[in-house]
Each structure stands twice: as structure tokens, then as C-alpha cells.
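The values are calculated or read from the model by the stated rules, or taken from the named source; none is laboratory data. Just so it is clear, the structure is predicted and the values come from calculations on it, not from any experiment. Glycine gets a Cβ as well: all are built from the backbone with ideal geometry, and neighbour counts include every protein chain shown.
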């Protein structure tokens, strides 16, 4: 039974996980104060990072980088070594946790096909990004000021101009926006050290003049059955990530995949209005709103990530996500995670939970079966969809993502079946992809006005001048 299997995850923590977390936390704390002057406590934390990768090919390079940072004379390459060691530790934790999950639920996963990266052409935008990240590490989060943050504009604009660097550009822009919103950081009672160090480390690795070989990508055709939508919203960007099962046209085994579409935005566009920014993907939006299958033709697939091209997709027959989950989740093959993406908080495994009850304590929700408990990630419920804490509390069945965050497993609902006022109700995060279906919410949005239309009209005026 799935409840018993998930309980095993909560009870059996991988060996060494706590030690790895402690080493990473020490490095993150050192980054708070910056590397301009490394004190005894920070020096010990950096030495622990080098010790944690002893016996691996990283050790000598990381130990050299630690010595240089501690001495106060270090290069961008030294920071890349430290970021790589930190990511390697978190990657090992990710692999241990994911292996534990696969064993508990019996999920088959294709092994990672190791490939050697190749040097990329020297890139001025990458170089500018590395320089800014170096200055940030020197200053530390407590030393960030307006001058440092204003300097990020140049590398962001340069990276945005190159399609292959847009991921780096959005990451830098988002990190700078968070830092800017927290100024003066020196006055903060508590700095989000783990989150900012995650963003910094990922940016450092993305900014290296190195790339993966193109042959890691395959093309695939078949029928995509969407299971649920995870909506990622930031002040300057919106991303809609669809988790689903792909039945290949060649008759191969069903595969768990995900596809993501993104758009730039401004902070005033929030809630259901963000769907209007994704109108360049009408086939995907229709499939989500109408709960239909999609026939896809020759879409690029990298691991489990399907690159969405709307012109190569066609809306198909109605497809019940709950029925698809019951029939296919137990047998669909999952893809291995790319090494750069291995991080405990990146774990997002689709699961179907049934026959539970929900216990509510203040703003915390917990699903329970036969005395077993699993916390609900209430903070991940998006404002762009119909799911609310009250609806989740009334549910007895959900499609969700099993995640690991804050040292524990928890479930993030993507769709629920509930009983409200003695009537069955079903709600999915993607239900409002083509417009709000709840009359009450639609009325509130109508009063607030269409922020997207207003901004587009104003932009049109500026362009006509």
C-alpha cells in the first residue's frame, strides 16, 4: 500500500544525509559574511567542504581553492571549484533520497548515461556573469549594496541576447531582485542563506565556458497524458511545468516526462492573469483546461524534459488525469536526473494518493492513512489555479508531487477530488489555463481589471511614438 511505502521514507533517512547537510550549511554561512576576510569559523567550514569530497577527483582542486580563499587571494576558477563541491554533496544527497523513493514505491528509472561535456566558445556574457558572482562572493550577502546590484544589469542583458544563456540570465535577474528587495541585507535578522547559496552556486556553474554534447537530446512522438501542473511564479517570470505520461508512438514503455513553458512578466501581473502571458502555446493551454490528451510529433526530449513546440502538438480526446494516474503511474519509466540538476529540493515525483483524511492545525495540513502522516506543501498552492487549502482539506484523493524539503518528505497537490457541501468536486491547477471557471473569482478579477491588456496597450503606444 502506498501509505506504508511513504511511511518508510519518513522513517529511513539515508546514511550521511545529516552530515552532508551540515557541511553545506557551514559553507552557506561562510558565504553570508563573504570571502573578503575569512574568519576562523568560516575557514573551518571551508575545510570541512574539502574534507567531505576527500577520496574523490574533486578533492585536490577543492583543497587548493579553500587554501586560496582562506588566504584572501582567489580567482573565479576557485569559486567554481567550491560551487562544484557544494553541488556534488547535494547531488549525492539527491541520489540517495531518490533511490530510496524508487525502492519504496517500485518505480523504474533509466540509469544516467554518462557523457563528457565539451568546452564551449569563450563567451563575454558568461565572463561578465562570473565577474559579478565573484564580486558578490567577496562582499557576502551582508555586504550587498545598491552599487553591486546595479552592476548585474550588464551581464543579464548580455546573457538574454543569447538563447543558450537565457537560463543564466533569468537566474541572475531573479537573485538580484531578491537581494534588492531585502536591502539593507546587513539589517536582516535572518538571511535565507541556503536559498541564496543555491542560486549563487547554480549561477556559477551555468556561467562556466562548458556545455553538454548535443547528442543527449532525442526526438519522440506519441500521446501525452497530462497529470498535473506545477506553476512557478517569480516577480519577473512565470513558468508552467506540466507533468505527464508519454506513450511513445513506437509502442515502447510509457515514460514519465515533464514540459515547461515560460514567459517574462512584471510584478503587477499575478494570479490567474499569468495564463494570458502564455497564449503562444494554445494547444498546451487547451489540453490543460479541457483535460485532454495531446498527440506530439518529433519533440526534443532530454532525459525526462520534453521541449514544448506548440506547432508540433495536436489536442486529442478527453483524458481523465486520475484515470491515467491509476493505470500508468505504477508502470511508467522515470528518467534519470541530469547531474547539474541533482538537489534534494529538486525532487518532484508524481504520485497518486487515495483514501486518506486531512488533519488541519492552524495553517498546516497533513494527510493521514492508518496512523501514517505526510505533510502538505500548502505554500506551493498557486494563486493561478483553483486549488485552495480549504479544498485540499476536504479532499480524499489527489495527484501530487512528492518532494523533500526542510529535512522531510511532503506532498504538493496538483489536482484533488473532494466533497464540498456533500457534492463531489474535482479541481486541477491547470483548469484556468483558458480563463477562470469559478464565477466568484472571475468577478473579483473583472473588478481588478486586465493588467496584461493595459500593459500591452501602453507598450503599443510607446512603440507607435
Quiz item: Got a sec? Which of 137, 159, 177 is in contact (Cβ under 8 Å) with a residue 12 or more places away in the chain and in contact with a strand residue (DSSP E or B) (Cβ under 8 Å, 6 or more places away or on another chain)?
Solution: 177
Quiz item: Tell me, which strands (runs of 3 or more DSSP E) lie completely within the stretch 322-395 with 2 or more residues that are in contact with a strand residue (DSSP E or B) (Cβ under 6 Å, 6 or more places away or on another chain), surrounded by 14 or more Cβ atoms within 10 Å (Cβ to Cβ) and at pLDDT 95 or above?
Solution: 349-354
Quiz item: Say we look at the stretch 303-319 and pick out the residues that are in a loop (DSSP other than H, G, I, E, B) and closer than 15 Å to residue 244 by Cα; which of these is farthest from the chain's Cα centre (by Cα)?
Solution: 319
Quiz item: Which residue, of 36, 83, 18, is outside any loop (DSSP other than H, G, I, E, B) and within 29 Å of residue 129 (Cα to Cα)?
Solution: 83
Exercise. Please specify each residue of the stretch 159-196 satisfying the condition of being over 21 Å from residue 263 (Cβ atoms) and more than 23 Å from the chain's Cα centre (by Cα).
Key: 183, 184, 185, 186, 187, 188, 189, 190
Quiz item: Considering only the stretch 260-276, how many residues are buried (at least 20 other Cβ atoms within 10 Å of the Cβ), in contact with a strand residue (DSSP E or B) (Cβ under 6 Å, 6 or more places away or on another chain) and under 19 Å from residue 288 (Cα atoms)?
Solution: 1
Self-check item: Residue, nearest to residue 130 (Cα to Cα), within the stretch 181-193, restricted to residues that are touching a helix residue (DSSP H, G or I) at 6+ places or on another chain (Cβ under 7 Å) and surrounded by 15 or more Cβ atoms within 10 Å (Cβ to Cβ)
Solution: 193
Quiz item: Which of the residues belonging to the stretch 52-74 are in contact (Cβ under 8 Å) with a residue 12 or more places away in the chain and either over 15 Å from residue 92 (Cβ atoms) or part of a helix (DSSP H, G or I) (or both)?
Solution: 52, 61, 62, 63, 64, 65, 66, 69, 70, 72, 74
Quiz item: What about residue 131, is it at pLDDT 95 or above and buried (at least 16 other Cβ atoms within 10 Å of the Cβ)?
Solution: no
Quiz item: Here are some conditions: (1) without any contact (Cβ under 8 Å) to a residue 24 or more places away in the chain; (2) in contact with a helix residue (DSSP H, G or I) (Cβ under 7 Å, 6 or more places away or on another chain). Residue 11 meets all but one. Which one does it not meet?
Solution: (2)
Practice problem: Would you confirm whether any residue within the stretch 277-291 is part of a loop (DSSP other than H, G, I, E, B), without any contact (Cβ under 8 Å) to a residue 60 or more places away in the chain and in contact with a helix residue (DSSP H, G or I) (Cβ under 6 Å, 6 or more places away or on another chain)? | Solution: yes
Self-check item: Cβ-Cβ under 9 Å pairs, at least 6 apart or on other chains, the stretch 362-386 side assigned by TED's automatic domain parsing to the domain that holds residue 268 and without any contact (Cβ under 8 Å) to a residue 12 or more places away in the chain, far side assigned to a loop (DSSP other than H, G, I, E, B) and crowded, with 16+ Cβ neighbours inside 10 Å
Solution: none
